[in-house]
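**Student:** Provided herewith is a single structure, encoded as structure tokens, for subsequent inquiry.
Values in this text are rule-based calculations from the coordinates and carry no lab data. Because the structure is a prediction, the values reported are computed rather than measured. Reconstructed Cβ throughout: ideal geometry from the backbone, glycine too, with neighbour counts over all protein chains shown.
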Amino acid sequence: MQRTSFRLAAVLAAGALALSACGSDDGDSGDDGDGTGAGGGSGDGITIGIKFDQPGLGLKDGNEYTGMDVDVARAVAEKLGFSEDQITFVESPSAQRETMLQAGQVDLIFATYSITDSRKESVQFAGPYFVAGQDLLVAQDSDIAGPADLDGKILCSVTGSTSAENVKAEVPGVQLQEYGTYSECVEQLSNGTIDAVTTDDVILAGFAAQEAYAGKLKVVGAPFSTENYGVGLNQDDDRCEDVNAALTELWEEGTMEQIIDDNVGAAGFTPNPETNPAEAGGHCA
Ligand code: GLU
């Protein structure tokens, strides 16, 4: 029910933005108002896809956007020449990321988005900027200690994620339920309908740290994949190397470490400077 008002608020907010973008030109940008900008359809601004329901990473609360991905997105956008009020955040659920980039609905995606070979067939990735690993979230008193214990259990993950793909390939005996978002999975787990949720450890830790789940849910803590988070761009976007350069600068200034520490440090995640694209090698087309 909370989700309904949440969605409604998002629709209203998006409507308000659309109105202010194409209605009267308030003259706040000082140009003559017919600039179409590059990509994404938000006039002379930039449209960025994030998650709306992942605490610590990408979270929408009213008109506030918080999390590591949001902070990295703002810092990169600034380096690309966009002020904060030129950014429009939109929700990019896991299964819709490639399509949204290909359709030009978003310019950039910062949404716990793993760089993979199959995704690279349809989109470009700048980065990486963070490394996570797939893990399991279970009830505090569960004895599930890793994928080997999942046989016959009900597991939840998200459609279009590497998490769902990995378990389908590696744990054939599990009953996988796929939802559109991780918050829906966590709700099922907390009311006892399912046995475990699987995705990246940093995402699961963000949920486990929520007050509502304190003492109820735990991250197993035995990651079984490597997830390199990248910034998604349309295949034809020529700003991919600029995004890499921005990420590298953020590492060099210490900003990236600060962002990671501020958002996920309390959950035990530390910056890994090897994810600086200057170190890790790039993935631009
Ligand atoms: N990082 C994984 C992926 O990109 C799982 C998290 C997510 O679905 O956003 O598929």
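**Student:** Please list, in chain and number order, the residues 5+ apart from Val90 or on another chain whose amide H is under 5 Å from its amide H, with Hs placed from the backbone.
**Tutor:** Ile48, Gly49, Ile50
**Student:** Jot down the per residue volume, in cubic angstrom and as a whole number, of the convex hull over the alpha-carbon atoms of the range 212-280.
**Tutor:** Taking only Cα atoms, the range 212-280 has a hull volume of 137 Å³ per residue.
**Student:** With each label point set 7 Å from Cα along the Cα-Cβ vector, what nm distance links Asp117 and Asp143?
**Tutor:** About 4.0 nm separates the two model spin labels.
**Student:** Calculate the tail of P(r) for the range 100-157: the fraction of all Cα-Cα distances greater than 20 Å, expressed in %.
**Tutor:** Counting every Cα pair in the range 100-157, those more than 20 Å apart make up 49 percent.
**Student:** Evaluate 2.2 N^0.38 Å with N set to the residue count of the range 144-220, then give the Cα radius of gyration divided by it.
**Tutor:** With N residues counted in the range 144-220, Rg over 2.2 N^0.38 Å equals 1.00.
**Student:** Let me ask something additional. When you count, for each residue, the other Cβ atoms within 10 Å and take the mean per peptide, how do 267-279, 70-82, 105-117 rank with the highest first?
**Tutor:** Highest to lowest by the protection proxy: 105-117, 70-82, 267-279.
**Student:** At 0.36 nm per residue, and after removing the present C-alpha to C-alpha distance, how many nm does the segment from Thr255 to Glu84 gain when stretched out fully?
**Tutor:** 59.9 nm
**Student:** Which value, to two decimals, describes the C-alpha radius of gyration of the range 136-285 once divided by 2.2 N^0.38 Å?
**Tutor:** Numbers: Rg = 17.4 Å, N = 150, 2.2 N^0.38 = 14.8 Å.
The value comes to 1.18.
**Student:** Under a crude label model (7 Å from the Cα following the beta-carbon direction), how far is Glu279 from Gln177 in nanometres?
**Tutor:** Going from the Glu279 label point to the Gln177 one covers 4.0 nm.
**Student:** Moving on to the next point. Mind ranking 140-146, 150-156 by how tightly packed they are, going by the mean number of other C-beta atoms within 10 angstrom, highest first?
**Tutor:** In descending order of packing, they fall as 150-156, 140-146.
**Student:** By how many nm would the segment from Ala266 to Ala169 lengthen if fully extended, with 0.36 nm per residue of separation less the alpha-carbon distance?
**Tutor:** Going from the current span to full extension adds 31.7 nm.
**Student:** Hey, another quick one. When Lys and Arg each count +1 and Asp and Glu each count -1, what net charge do the other residues less than 10 Å away from Leu150, Cβ to Cβ, add up to?
**Tutor:** Values: positive: Lys153; negative: Asp149, Asp151, Glu170, Asp195.
Surrounding charge for Leu150 is -3.
**Student:** How charged is the neighbourhood of Pro223? Take every other residue with its Cβ under 12 Å from the Cβ of Pro223, and add Lys/Arg as +1 and Asp/Glu as -1.
**Tutor:** -4
**Student:** I would also like to ask the following. Give the separation of the Cα centroids, the range 121-192 to the range 242-272, in Å.
**Tutor:** A separation of 25 Å, based on Cα centres.
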